[in-house]
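Colleague: Shown below is the structure under consideration.
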Amino acid sequence: MKRVLYAFILFTLLWQPLFAQQAIETRLGYTYNDKYEFSDEWQYLSTDLFLFNGSKFSRVLNEVENGVKKNKKNYADNLEHLFITAQLKNIKLFGNDEIVYPLYNFNVTTDGKKDYSALVSDHLEVVRIIDKMPLTTANNSIDALIQAKAITNDQSDQMFGLVATQLTNISKMASSPPAAVLSLVGEFGNLLSARTKKKEYKFSSTIRLYEGQDFDTRLHSVRVYVFVPGEVKTVTLKPARFEGFLNKGVQKLERKQLEDLIGYKDYPYMVVVNYKSLYKMDVLTGDEVTQDLIEKRKQKIETAHTNHMVNDETYRQEKLYVEFLRTFADMKQHLNSYRLNYRNNSPEVNAKNLFAIIQEYKRLKGTFDAREQEFASNSTYKTIFRSEYTSILNNADLYLEGDHNLKGGKGLVNTLRELENNPKAWTTPAQREAALTKLYAVELPKPEYLSASVEGEAVVRLTKKLEDMQYTEVFAQDVQKIAQLQPNDQTIDQRNALLEKSAASKCLSCRDKVKDAVAEYNKRYEVFKLQEALKKKNSLNQEAEQQVFNYLKRQLCIQNNLQAAVASLNGGADLYINRVSEKNTELAKNIKLLDEHNKLELNASSLQRVQEYNLKLEQLMKDVENDYNMIYSIDKKICNCEAG
């Protein structure tokens, strides 16, 4: 990642001389910059000021007045105040106006020896001059000027002039001044009140834009400045122990720590501690996302950007994330409709509701892919926003585990995405079958309805492409072969194998094409079978004709033998003769039926009728044969005929 260098706040402590004479000056005694690489999303600045050895200002004032080694007279009148201010420049929150912060105002007195005594405590609390002030990518350099002024009894108007100037600057702001800036108005009032009552003043209205919000904050840099008379050109600090402490990764510095670690006692000094904070977006769970909440979030980020509370890149990322949330909210809305009405709706309506869910889910996944590609090297996206995108996607995945249709819809989307993004995902028949299984896992609306949307058109188009490839590679050769096969009982197995093969495939158009080819084969096969049946009919007709003559002759012989047997009996026919006579009558009846069926005129174009005719003819021939064989098995003698 390209390293982004930030020019952080530099607090330069300067003395504005009252005259062109010796004055209080500051010397940089120590500087520390943390080694952590701060990227763009660390866009908020907080600065703490610690004033130490306040009582030593008396020494500084007297040495300025009298000289370090000899007497001087630098002040025409008696000193009354020691006034310390800070002026921030190039901070977008303030536009082009320069705002001065009054930090401290201390009273100065003289003793009997005419020595000055600054009434400054050695235990002043930290002053947080700004808290999470937004930095901008357009101007990363923020300049600050801190001034310490010794004000004499005839220069009191300087303080009033400063207050008047700052109030005028605030009133000139192009739009309504932020509340954080307006708090300075109160500070100027506090300053004048303390000045009038000759009380000590300390700045207490931190410019705080994100009250109560949790930010990730870490130490950025530390500066130590020493207040000295102009004659003192260098100051000597021993920072080894302090630097060792800082290198351990300190998150926050406290007054007592600084005082112990720096251990400097000669002159007053100020420690400037700079922190940077990471932008932290509002984290949402899937259940919290509603259109109303999204609209509020949009307004919030618009307001923050207008007030320069977020930088341009964060604003852009937030707007893109709001679009993503809208798609997720649309998916939730369709999901609720599907769940509430599933049992009451028709299959067609349910299919449309399910497809609407699939559409939004695919758009979610596609949007995330686009963000990943576009912002692959964008630290703001990767550090802050990416995890929130994945969190919402995880929620969407969980929602689509609700039932088998939703699971199938999720599988369909993932399959579509793989087919669109990875051509190698469908190079083999097995891969295509697996993909088609997913694409047909749920009942979707008709192709005409699907083709009206981008997502639906993708389903139709990719399904057709898969099936065309599958047919060409797996079925086309077999279909062509069966079209050329001679239809007979030897090739019917090849037809059956192709049908089984197509039935095992998820390629619906392949099944249809196989069915069409098999239907053509079946027509030819039916013609073949008709010809076979007609041949068999002709053969059976001849056989039946012969059988009618043979068994009719035998039946008449048996009848004559029965009549002779009855004539030989004095008492007429007995029970035995009657039973045999009944069987012979049945034989005669079946011979007649066989003869009649054999003579029927038949429509030779219907295979079924020919087959039914042949079956009945065969059955009648068997019946005649079985009737005769029964009589023969009962009494061979009565079946004894010359022609027999």
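The values are calculated or read from the model by the stated rules, or taken from the named source; none is laboratory data. Bear in mind that the values here come from a model prediction, so they are computed numbers and not experimental data. Here Cβ is always computed from backbone atoms with ideal geometry, including for glycine, and neighbour counts include all displayed protein chains. For accessibility, only protein heavy atoms count, side chains too; no ligands or nucleic acids. Shrake-Rupley method; radii C 1.70, N 1.55, O 1.52, S 1.80 Å.
Colleague: So which GluC sites (Glu not before Pro) in the range 505-611 pass both tests, a DSSP loop state and at most 14 other Cβ atoms within 10 Å of the Cβ?
Modeller: Working: sites: GLU520, GLU526, GLU532, GLU543, GLU545, GLU582, GLU586, GLU596, GLU601; in loops: GLU601.
In loop regions of the range 505-611 (DSSP not H, G, I, E or B), the sparsely surrounded GluC sites (Glu not before Pro) are GLU601.
Colleague: For Cα pairs less than 8 Å apart in space and 6+ apart in sequence, what is the mean separation divided by the residue count of the range 476-521, i.e. the relative contact order in percent? Provide the component values of the computation, followed by the final result.
Modeller: Values: 26 pairs, mean separation 23.3, N = 46.
Computed value for the range 476-521: 51 percent relative contact order.
Colleague: While we're here: In the range 308-383, which chymotrypsin sites (Phe, Trp or Tyr not before Pro) fall in coil by DSSP and have 14 or fewer other Cβ atoms within 10 Å? Please report the intermediate quantities before stating the final value.
Modeller: Values: sites: TYR315, TYR321, PHE324, PHE328, TYR338, TYR342, PHE355, TYR361, PHE368, PHE375, TYR381; in loops: TYR342, PHE375.
Loop-located and lightly packed - TYR342.
Colleague: To the nearest 10 square angstrom, what accessible area does ARG461 show with a 1.4 Å probe?
Modeller: About 110 Å², ignoring ligands and nucleic acids.
Colleague: Along the range 254-259, what does the Karplus equation 6.51 cos²θ - 1.76 cosθ + 1.60 (θ = phi - 60°) give for ³J(HN,Hα), rounded to whole Hz, x for Gly and Pro?
Modeller: Per residue, the Karplus-derived 3J(HN,Hα) values read 10, 4, 4, 4, 4, 4 Hz.
Colleague: Quick one: pull the percent of accessible area on the range 358-438 belonging to carbon and sulfur, 1.4 Å probe, ligands and nucleic acids left out. Working shown, then result.
Modeller: On the way: 1730 of 3580 Å².
Carbon and sulfur: 48 percent of the exposed surface of the range 358-438.
Colleague: In nm, to one decimal, how far is the modelled label at LEU508 from the one at LYS465, with both set 7 Å along Cα→Cβ?
Modeller: It works out to 1.9 nm between the two label points.
Colleague: Can you pull the percent of the range 476-521's accessible area that's carbon plus sulfur, 1.4 Å probe, other chains left in place? Don't skip to the end; give the middle numbers.
Modeller: Numbers: 1260 of 2710 Å².
The C+S portion of the solvent-accessible surface of the range 476-521 is 46 percent.
Colleague: Using amide H atoms built in the peptide plane, which far-off residues or other-chain residues are under 5 Å from TYR101 H to H?
Modeller: Residues meeting the criterion, in which the H sits 1.01 Å from N, are ALA86, GLN87, LEU88.
Colleague: Restricting to lysines 8 or more places apart or on different chains, can you count the pairs in the range 528-644 with Cα atoms under 15 Å from each other?
Modeller: Close lysine pairs found across the range 528-644: 12.
Colleague: Take the Cα gyration tensor of the range 533-644, multiply each eigenvalue by 5, square-root it, and list the three semi-axes largest first, rounded to whole angstrom.
Modeller: Details: eigenvalues 234, 28, 20 Å².
Semi-axes from the Cα gyration tensor: 34, 12, 10 Å.
Colleague: Working out 0.36 nm times the residue gap between ALA567 and ASN603, then minus their Cα-Cα distance, what length gain in nm do you get to one decimal? Please report the intermediate quantities before stating the final value.
Modeller: On the way: separation 36, 0.36 × 36 = 12.96 nm, distance 4.97 nm.
Full-extension gain reported as 8.0 nm.
Colleague: As an exercise, use a Förster radius of 51 Å and the Cβ-Cβ distance of LYS481 and GLU372 to find the FRET efficiency, rounded to the nearest 0.05.
Modeller: Values: r = 48 Å, r/R0 = 0.95.
After rounding to 0.05, the efficiency reads 0.60.
Colleague: Can you tell me how much longer the chain between ALA452 and GLU231 gets when fully stretched, taken as 0.36 nm per residue apart minus their C-alpha distance, in nm with one decimal? Could you put the intermediate results ahead of the total?
Modeller: Details: separation 221, 0.36 × 221 = 79.56 nm, distance 8.41 nm.
Roughly 71.1 nm would be gained on extension.
Colleague: VAL349 versus THR31, label points 7 Å from Cα toward the beta carbon: distance in nm?
Modeller: Going by the 7 Å Cα→Cβ label model, 7.4 nm.
Colleague: Same structure, new question: If you roll a 1.4 Å probe over the heavy atoms of the protein chains, what accessible area per residue do you get for the range 229-375, in Å²? Walk me through the numbers before you get to the answer.
Modeller: Working: 7280 Å² over 147 residues.
Here the per-residue accessible area is 50 Å².
Colleague: For the range 518-574, what is the accessible area per residue in Å² when the probe is 1.4 Å? All intermediate terms of the calculation are to be shown ahead of the outcome.
Modeller: Values: 3590 Å² over 57 residues.
For the range 518-574, the per-residue accessible area is 63 Å².
Colleague: When Lys and Arg each count +1 and Asp and Glu each count -1, what net charge do the other residues less than 14 Å away from GLU374, Cβ to Cβ, add up to? Could you put the intermediate results ahead of the total?
Modeller: Numbers: positive: ARG316, LYS319, ARG371, LYS382, ARG386; negative: GLU313, GLU323, ASP369, GLU372.
Net of charged neighbours comes to +1.
Colleague: Let me ask another. GLN619 versus THR290, label points 7 Å from Cα toward the beta carbon: distance in nm?
Modeller: It works out to 7.6 nm between the two label points.
Colleague: As an exercise, use a Förster radius of 35 Å and the Cβ-Cβ distance of LYS300 and ALA240 to find the FRET efficiency, rounded to the nearest 0.05.
Modeller: Details: r = 47 Å, r/R0 = 1.35.
Given R0 = 35 Å and the Cβ-Cβ separation, E is 0.15.
Colleague: Right, something else. Any idea what the relative contact order of the range 437-548 is, in percent, if you count C-alpha pairs under 8 Å spaced at least 6 apart?
Modeller: Values: 58 pairs, mean separation 26.8, N = 112.
So the answer I get is 24 percent.
Colleague: Could you tell me the largest-minus-smallest coordinate of the C-alpha atoms of the range 476-521 on each of the three principal axes, in descending order and whole angstroms?
Modeller: If we take the Cα atoms of the range 476-521, the spans are 29, 16, 15 Å.
Colleague: Mind checking the full-extension length gain between GLN333 and PHE549? Use 0.36 nm per residue of separation minus the Cα-Cα distance, one decimal, nm.
Modeller: 69.1 nm
Colleague: Rounded, prolate or oblate: which fits the range 506-558, taking a ≥ b ≥ c as square roots of the Cα gyration tensor eigenvalues, rounded meaning a/c under 1.5, else prolate when a/b beats b/c? Walk me through the intermediate numbers first.
Modeller: Numbers: a/c = 12.32, a/b = 4.65, b/c = 2.65.
Prolate.
Colleague: Note down the net charge around GLU295, summing +1 for each Lys or Arg and -1 for each Asp or Glu among other residues with Cβ under 12 Å from its Cβ.
Modeller: Residues close to GLU295 contribute a combined charge of +3.
Colleague: Find how many whole Å separate the alpha carbon centroid of the range 516-571 from the alpha carbon centroid of the range 346-415.
Modeller: Taking the Cα centre of the range 516-571 as reference, the centre of the range 346-415 is 75 Å away.
Colleague: Follow-up. Stick to the Cα atoms of the range 349-469, pair each with every other, and give me the Kirkwood hydrodynamic radius in Å at one decimal. Provide the component values of the computation, followed by the final result.
Modeller: Values: mean 1/r = 0.0651 Å⁻¹.
Hydrodynamic radius (Kirkwood, Cα pairs) of the range 349-469 is 15.4 Å.
Colleague: Return the subset of LYS35/LYS382; LYS35/LYS233; LYS298/LYS382; LYS300/LYS332; LYS464/LYS515; LYS424/LYS501 for which the Cα-Cα distance in this structure is over 27 Å, preserving the input order. Working shown, then result.
Modeller: Details: LYS35/LYS382 21 Å; LYS35/LYS233 30 Å; LYS298/LYS382 21 Å; LYS300/LYS332 23 Å; LYS464/LYS515 18 Å; LYS424/LYS501 24 Å.
Among LYS35/LYS382; LYS35/LYS233; LYS298/LYS382; LYS300/LYS332; LYS464/LYS515; LYS424/LYS501, the Cα-Cα distance tops 27 Å for LYS35/LYS233.
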